[in-house]
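Every read-out reported here was derived from the displayed coordinates using simple, explicitly stated rules and does not represent laboratory data. All values derive from a computational prediction rather than experimental measurement. Don't worry about glycine lacking a Cβ; one is built from the backbone with ideal geometry, like all the others, and counts go over all protein chains shown.
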Amino acid sequence: MAMNVLLRQSFRVHDTHVLHNKDYLETVCNEQMTYFHFPLASNRLHNFNDALTLSSNSPCTLSIVSKKTFGRYLMLRFALIGDLHYPILETETAAFKEARQRFFTSFFTDFLQTSADLHVSIGDLTHHGDLNELEQAYQFLKNEPINFKHVLGNHDVYSHEKQTVQTITTQPRYSHLETDEAVLVFLDSTREKKPDDWSGMIDVEQFNWLRHLLEHYQDQRLIVFAHHPLYNTTTRSDQDKASIVSEDPVHDLLANHKTGGFYICGHTHVHSIARKKQWTYIQTAAVYDHPAIRVIEFENGRLHTTLKACEDEHTLENAETVRHHVYKRETPFDIMGATTDRTQTVVLS
């Protein structure tokens with residue numbers, strides 16, 4: 001069976017930039033191809049839902065095929081991890097080092113093997129914001145054929161300027177991606193080198209960018225990714241320093257976007273899903289407390305989310321060992337929420 005390839009795009013694995021070649025027509029045989037989701041790696045890719053991809057055995061070549069060839073509708077699928085808090089401690093026992101290596105090797109393997117168009121860390125990938133922590137965490141992602149998006153969390157920028165952190169992440173602080181289903185918006189809600197103030201805020205430059213973006217896409221749904229929840233939306237988001245501060249104008253800006261959408265966040269270490277008017281807020285817990293990957297599927301105005309929880313006994317034991325060394329106490333609140341905070345289907349009107 002032959003298929004018409006409309007566009008080929010070459011890229012370097014784990015590079016955030018897609019290298020665009022000239023459009024040309026090529027015929028390939030699907031029996032020689034391996035199917036997988038196209039990485040949403042470029043803000044210049046505007047018609048993702050018009051395409052399905054297939055790849056040859058080479059990991060560096062993608063071909064985009066019209067979805068009309070297959071006669072079916074494509075959905076967006078995200079694999080999301082909450083606050084990971086990868087730690088390097090001042091004093092580390094051999095047992096801690098072994099547990100850390102075993103846990104993160106197992107967890108990242110599960111994360112990377114979860115099929116998705118976009119793999120997202122919703123912030124606090126590191127615990128102290130140490131560059132060595134960030135580099136070690138990124139070693140698990142090195143040379144993996146996925147599109148990984150790292151939304152900055154407050155812990156990620158405790159020790160260094162954001163520009164320095166970006167030399168490792170190689171990602172912009174904030175960005176957007178247009179698809180036929182929705183506009184994906186990635187925000188930076190953090191304060192730079194402010195370990196005593198872990199609340200969130202949107203700086204003026206970013207706010208003005210977002211305002212113009214929403215004006216341009218005023219009739220389209222949004223899927224917003226940010227580390228901090230909006231104030232008084234999800235569980236614990238009304239507590240001190242647990243959200244973007246209530247006086248931040250971003251609250252009104254998003255609330256007034258008439259088509260609304262979904263706001264996806266972490267920070268509070270609690271699973272929670274809440275609906276207010278035209279917006280649905282999805283919050284995911286910290287990885288140590290509940291080693292799980294939140295899977296989100298969005299298609300034709302319908303979003304379904306569920307948790308892919310780790311069930312391996314040894315991985316759970318290693319997670320508990322690392323968590324104990326990092327926090328030295330039990331989590332003082334319920335992190336699981338109700339069943340509807342973990343799995344839910346939302347249909348936008």
Can you give me the Cα centroid spacing of the range 322-349 and the range 211-261 in angstrom? 21 Å
Solvent-free Debye scattering, log10 I(q)/I(0), computed from the Cα coordinates of the range 253-349 at q = 0.15, 0.17, 0.19, 0.21 Å⁻¹: -0.66, -0.79, -0.92, -1.05
Using amide H atoms built in the peptide plane, which far-off residues or other-chain residues are under 5 Å from Tyr86 H to H? Thr126, His127
May I ask you to give the average projected area over all directions of the convex hull of the Cα atoms of the range 76-347, in nm² rounded to one decimal? 13.4 nm²
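Anything over 31 Å Cα to Cα? Flag those among Lys193/Lys308; Lys97/Lys142; Lys142/Lys276; Lys97/Lys193, in the order listed.
On the way: Lys193/Lys308 33 Å; Lys97/Lys142 20 Å; Lys142/Lys276 39 Å; Lys97/Lys193 27 Å.
Over 31 Å Cα-Cα: Lys193/Lys308; Lys142/Lys276.
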Which Rg and Dmax, in Å, describe the Cα atoms of the range 243-289? 11.9, 37
To the nearest 20 Debye, how big is the dipole of the range 232-349 about its Cα centre, given +1 on the beta carbon of each Lys and Arg and -1 on that of each Asp and Glu? 420 debye
If you wrap a convex hull around the Cα atoms of the range 195-311, how much volume per residue is inside, in Å³? 109 Å³
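Taking the Cα centre as origin and putting +1 on Lys and Arg beta-carbons and -1 on Asp and Glu beta-carbons, what dipole magnitude results for the range 76-347, to the nearest 20 debye?
Numbers: 26 positive and 40 negative charges, 87 e Å.
My answer is approximately 420 debye.
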Sequence ranges 134-142, 89-97, 191-199, ranked by mean other-Cβ count within 10 angstrom, highest first: 134-142, 191-199, 89-97
Reduced Cα scattering model of the range 92-191, Debye log10 I(q)/I(0), q = 0.10, 0.13, 0.20, 0.22 Å⁻¹: -0.31, -0.51, -1.12, -1.27
Using per-residue counts of other Cβ atoms within 10 Å, averaged over each peptide, order 283-290, 114-121 from highest down. 283-290, 114-121
